[in-house]
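The values are calculated or read from the model by the stated rules, or taken from the named source; none is laboratory data. Here the structure is a predicted model, which is why all the values come from computation and not from measurement. Positions of Cβ are generated from backbone atoms using ideal geometry, with glycine treated the same way; all protein chains shown enter the neighbour counts. Please note that ligands, DNA and RNA were not included when accessible areas were found on the heavy atoms of the full protein model with its side chains. Shrake-Rupley method; radii C 1.70, N 1.55, O 1.52, S 1.80 Å.
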Amino acid sequence: MLAIFMFAPVAMAAALPADPLGSPMWADHARVLFADAPVEFDRRVVVDMPMLAENQRVFPVAIDASALPDVKRIVLLADLNPIPVAIDYAPTGAAPVVSVRIKLDQRTPVRAAVLTGDGRWHINGAWIDAAGGGCSAPPVSRVKGDWAEHLGEVRARAVLVGAEARLRVAIRHPMDTGLVGNTPLYHVEELSVWRGETRLGSMKLWASVAEDPAIGLILPAAAGDTLTIRGRDTNGREIEGRVAVQAAP
Amino acid sequence: MRLTRRTLLGGMAALPVAVRAQSLDYRIEPVEVGDGLWIVRGADAPIERGNGGAIANLAILAGDEAAILIDCGPSLRYGRVLDAVARKLTGKPVGHVFLTHLHPDHGFAAGAFANAEVAGTAEVRRELQATAAGYADGMYRLLGDWMRGTEPVVPAATVTAGERLVAGRRLVFAPMAGHSPADLVVTDVATGTMIAGDLVFHDRAPSTPDADLATWRKTLGTLAAMSHKGLLPGHGPFDPGGQAAIAQTLDWIDWLESSLRGSVAAGLDMVAAGEVAIPARFDGLKAARYELQRSVSHFYPRLEAELFPRADQ
């Protein structure tokens with residue numbers, strides 16, 4: 001019985017390229033996320049992060065896959081987090097660019113996996129050192145006790161740069177991981193961005209996204225356009241916000 | 001070979017030990033900057049295993065019957081070396097340790113001075129009570145064995161504002177705030193030297209984990225107007241003129257705040273805000289990019305919440 005468990009990942013690993021980061025979880029995550037799809041490590045996927053995790057509860061990551069053609073999905077993954085996937089973004093009309101803040105539960109590889117229209121996954125990332133506990137510490141708003149007063153508040157700004165808007169959206173939400181005593185899993189699980197009736201992008205989110213999710217997207221837009229953000233959390237609470245695109249300051 | 005839990009653990013433990021084997025020797029080299037006043041310079045770098053956390057400056061003053069320390073370093077091991085150095089310099093045991101603020105690189109060695117009076121403002125004592133355990137976790141994680149045996153000490157004695165004779169030496173104590181909720185500035189009257197703690201940085205970018213920038217700005221104005229000659233910053237070289245380091249710290253804080261607000265206004269995310277160009281006039285500041293990225297982490301979410309309009313009303 002033990003032999004079977006030990007052989008399965010080895011057989012899988014042979015079909016996968018060796019992980020340049022040497023992560024102990026690479027084969028397991030790859031099997032779940034990519035199944036039999038072709039996978040390559042690809043520097044055209046830019047995963048930009050600060051040089052240090054100053055705050056393991058709020059670690060910013062910016063992903064830019066615009067060097068790849070026909071991007072279908074961008075998955076952000078921290079291998080050693082108890083909730084490894086943070087977001088799964090489908091930029092249907094938006095640029096294949098996203099920034100978000102995540103929790104880090106320990107030193108871990110942080111990577112982006114980008115699916116292109118030809119069915120290939122392109123992966124890049126780096127190890128980030130971090131103090132422990134990003135996922136297993138209570139959110140600040142639970143400690144302060146004011147989370148319910150602000151739940152679902154949306155703040156946003158959209159700044160025009162050329163023919164594109166830089167959209168920043170911040171949503172008040174505790175993003176409970178379920179790993180803190182007596183507080184069940186509770187998080188924003190879906191967001192989409194619209195210009196008029198056109199959906200420009202949609203995103204699934206998990207509780208490894210930092211408290212009060214702050215998302216950055218780049219969307220085709222003109223000054224005066226109104227962008228709509230819609231979403232839902234795991235209790236079925238609807239989230240909605242509107243922001244007018246402004247000229248750059 | 002049968003893989004038992006024990007051999008597995010043994011194998012895992014062997015690697016870090018081999019990689020991290022290094023001597024844990026603090027080299028403390030005091031420089032005399034005035035009559036009976038020596039400074040010890042910290043490494044102008046982040047806290048890391050290479051420097052054992054000895055990144056902060058401190059001062060050793062000779063008193064009549066005892067030596068006086070203003071700040072004392074990051075760990076018990078450091079404190080023991082410093083104790084011997086101060087005794088050799090002054091010919092007297094360390095009798096007084098004053099802590100400028102709560103941060104561990106300045107005060108976590110206090111446990112090495114059990115026979116001295118360790119003092120701080122009432123606010124610093126409160127701050128240490130609230131935060132020392134968390135900072136200790138961080139220091140042990142970053143520094144490992146350098147920290148062995150170190151336990152944070154909450155000062156037993158309370159410092160208040162005003163001039164006081166300490167071991168025959170006239171010192172002016174000025175409790176302030178800005179870099180942290182409670183910063184203590186000590187001026188040695190005999191030499192005119194201001195020991196500014198982390199309210200002043202010099203050729204090393206200021207760090208902001210507990211800072212209030214508006215308060216800090218005001219405090220720097222007060223410091224500039226206070227009577228003093230030379231100035232020992234919390235980090236970076238001694239400033240013999242006493243004004244250049246204050247002006248530089250103020251300049252960085254002003255730039256930092258306008259840069260962060262500008263980044264929020266331009267719709268940049270935190271990563272990009274930490275990657276903006278740093279003006280050439282700060283080229284001489286060590287750890288500038290590092291501290292900018294830390295400051296982004298400290299201030300950006302709050303600034304976005306303040307500056308972004310509500311979109312759901």
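Kindly state which strands (runs of 3 or more DSSP E) lie completely within the range A:157-248 and contain at least 2 residues that are within 10 Å of another protein chain (Cβ to nearest Cβ) and at pLDDT 95 or above. It would help to see each step written out before you state the result.
Numbers: elements: A:164-171, A:188-195, A:198-205, A:214-220, A:226-233, A:238-247.
By residue number, A:164-171, A:214-220, A:226-233, A:238-247.
Condition (residue is in a loop (DSSP other than H, G, I, E, B), closer than 21 Å to B:ASP44 by Cα, in contact with a helix residue (DSSP H, G or I) (Cβ under 8 Å, 6 or more places away or on another chain) and more than 14 Å from chain A (Cβ to nearest Cβ)) applied to the range B:255-269: is it met by at least one residue? Break it down into steps so the answer makes sense when it comes.
So in the range B:255-269, the residues in a loop (DSSP other than H, G, I, E, B) come out as B:266-269.
So of that shortlist, the ones also closer than 21 Å to B:ASP44 by Cα come out as none.
Checked against the condition, which is being in a loop (DSSP other than H, G, I, E, B), closer than 21 Å to B:ASP44 by Cα, in contact with a helix residue (DSSP H, G or I) (Cβ under 8 Å, 6 or more places away or on another chain) and more than 14 Å from chain A (Cβ to nearest Cβ), the range B:255-269 yields no hits at all.
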| message | Please determine whether any residue of the range B:288-296 is β-branched (Val, Ile, Thr), under 30 Å from A:VAL46 (Cβ atoms), under 20 Å from the mean Cα position of the chain (by Cα) and at the interface with another protein chain (Cβ under 9 Å from one of its Cβ atoms). | response | yes
| request: Output the number of residues of the range A:41-81 satisfying the condition of being within 21 Å of A:ASP19 (Cα to Cα), within 14 Å of another protein chain (Cβ to nearest Cβ) and either polar (S, T, N, Q) or assigned to a loop (DSSP other than H, G, I, E, B) (or both). | output: 1
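Got at least one residue in the range B:102-111 being surrounded by fewer than 20 Cβ atoms within 10 Å (Cβ to Cβ) and not basic (Lys, Arg)? Break it down into steps so the answer makes sense when it comes.
Of the residues in the range B:102-111, the ones surrounded by fewer than 20 Cβ atoms within 10 Å (Cβ to Cβ) are B:111.
Subset that is not basic (Lys, Arg): B:111.
The answer is yes; a qualifying residue exists.
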| Among the residues of the range B:247-266, is there at least one that is open to solvent by 40 Å² or more (accessible area, probe 1.4 Å), on the phi < 0 side of the Ramachandran plot, under 20 Å from the mean Cα position of the chain (by Cα) and without any contact (Cβ under 8 Å) to a residue 24 or more places away in the chain? | yes
| Among the residues listed as B:ALA182, B:ALA177, B:ALA190, B:ALA167, the single one being closer than 22 Å to B:GLU32 by Cβ, touching a strand residue (DSSP E or B) at 6+ places or on another chain (Cβ under 9 Å) and open to solvent by less than 30 Å² (accessible area, probe 1.4 Å) | B:ALA167
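Take the conditions assigned to a helix (DSSP H, G or I), out of contact with any strand residue (DSSP E or B) (no Cβ under 8 Å at 6 or more places or on another chain) and not basic (Lys, Arg) and apply them to B:ALA247. Does it pass?
Details: assigned to a helix (DSSP H, G or I): yes; out of contact with any strand residue (DSSP E or B) (no Cβ under 8 Å at 6 or more places or on another chain): yes; not basic (Lys, Arg): yes.
Here the answer is yes, as B:ALA247 does meet what is asked.
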| query | Just checking, which of A:ASP64, A:ASP42 is open to solvent by less than 50 Å² (accessible area, probe 1.4 Å) and of a type outside the set (A, V, I, L, M)? | reply | A:ASP42
| remark: Given the conditions (1) of a type outside the set (D, E, K, R); (2) outside any helix (DSSP H, G or I); (3) at negative phi; (4) at the interface with chain A (Cβ under 7 Å from one of its Cβ atoms), every one holds for B:ILE278 apart from (4)
| request: Taking only the range A:92-120 into account, find how many residues are open to solvent by 10 Å² or more (accessible area, probe 1.4 Å) and of a type outside the set (Gly, Ala, Ser). | output: 11
| request: Hey, could you check the range A:1-40 for residues that are of a type outside the set (A, V, I, L, M, F, W, C) and in a helix (DSSP H, G or I) and say which is modelled with the lowest pLDDT? | output: A:PRO9
| Those residues of the range B:138-153 which are buried (at least 17 other Cβ atoms within 10 Å of the Cβ) and either without any contact (Cβ under 8 Å) to a residue 24 or more places away in the chain or of a type outside the set (S, T, N, Q) (or both), in sequence order | B:MET139, B:LEU142, B:LEU143, B:TRP146, B:MET147, B:PRO152, B:VAL153
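Taking the range B:183-224 as the search range and keeping residues that are aliphatic (A, V, I, L, M) and part of a loop (DSSP other than H, G, I, E, B), which one is farthest from the chain's Cα centre (by Cα)?
Here is the first cut: in the range B:183-224, the residues aliphatic (A, V, I, L, M) are B:184-186, B:189-190, B:194-196, B:199-200, B:205, B:211, B:213-214, B:220, B:223-224.
Filter once more, so that each one left must be part of a loop (DSSP other than H, G, I, E, B): B:189-190, B:196, B:200, B:205, B:211.
Numbers: B:VAL189: 23, B:ALA190: 25, B:ALA196: 10, B:VAL200: 10, B:ALA205: 12, B:ALA211: 12 Å.
Among those that are aliphatic (A, V, I, L, M) and part of a loop (DSSP other than H, G, I, E, B), it is B:ALA190.
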| said: When the residues of the range A:192-209 are narrowed to those that are within 19 Å of A:VAL245 (Cα to Cα) and among the aliphatic types (A, V, I, L, M), which ends up surrounded by the most Cβ atoms within 10 Å (Cβ to Cβ)? | reply: A:VAL193
| note | A:ARG31: passes all of (1) surrounded by 22 or more Cβ atoms within 10 Å (Cβ to Cβ); (2) of a type in the set (D, E, K, R); (3) more than 28 Å from A:LEU219 (Cβ to Cβ) but (1)
